Amino acid sequence: MKVARGRTDVVVFMRDAVYVMELKMRGSAQEALAQINSKDYAIPYQAEGKPVVKIGIAFSKETKTVSDWIIEK
């Protein structure tokens, strides 16, 4: 979903929560989570009436796998 301050990489709607994820290939999981918070990506999903879980995910260019993640509930 595009919000006024950018676009979320991944949003997953589950029965019990909404997961907002930001992915970084050349950055850290902390930078990804900071982007979710600074650009207010989670705000539109609070109207769902479910917990919104924010997840910052970093990928390793070398191994092409997830190198780190941070979850904020």
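Annotation note: of Tyr41, Tyr45, Tyr19, the sole residue that is crowded, with 16+ Cβ neighbours inside 10 Å and modelled with pLDDT of 95 or more is Tyr19.
For the stretch 48-61, enumerate the residues that are buried (at least 16 other Cβ atoms within 10 Å of the Cβ) and of a type in the set (Gly, Ala, Ser). Scanning the stretch 48-61 gives Gly56, Ala58.
Return only the number of the condition from (1) out of contact with any strand residue (DSSP E or B) (no Cβ under 7 Å at 6 or more places or on another chain); (2) closer than 26 Å to Thr65 by Cα that Gly49 does not satisfy. All conditions are met except number (2).
Before we move on, is Ile36 assigned to a strand (DSSP E or B) and in contact (Cβ under 8 Å) with a residue 12 or more places away in the chain?
Values: assigned to a strand (DSSP E or B): no; in contact (Cβ under 8 Å) with a residue 12 or more places away in the chain: yes.
The answer is no for Ile36.
Residues are listed down the side, and each one gets a yes or a no for (1) in contact with a Gly (Cβ under 8 Å, 6 or more places away or on another chain); (2) in contact (Cβ under 8 Å) with a residue 40 or more places away in the chain; (3) on the phi > 0 side of the Ramachandran plot; (4) not polar (S, T, N, Q):
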site	(1), (2), (3), (4)
Gly6	no, no, yes, yes
Glu22	yes, no, no, yes
Ala32	yes, no, no, yes
Gln46	no, no, no, no
Pro51	no, no, no, yes
Lys64	no, no, yes, yes
Ile70	yes, yes, no, yes
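The values are calculated or read from the model by the stated rules, or taken from the named source; none is laboratory data. In this text the structure is predicted, and so the values were computed from the model without any measurement. Methodologically, a virtual Cβ is constructed for each residue, glycine included, from the backbone with ideal geometry; neighbour enumeration extends over all protein chains shown.
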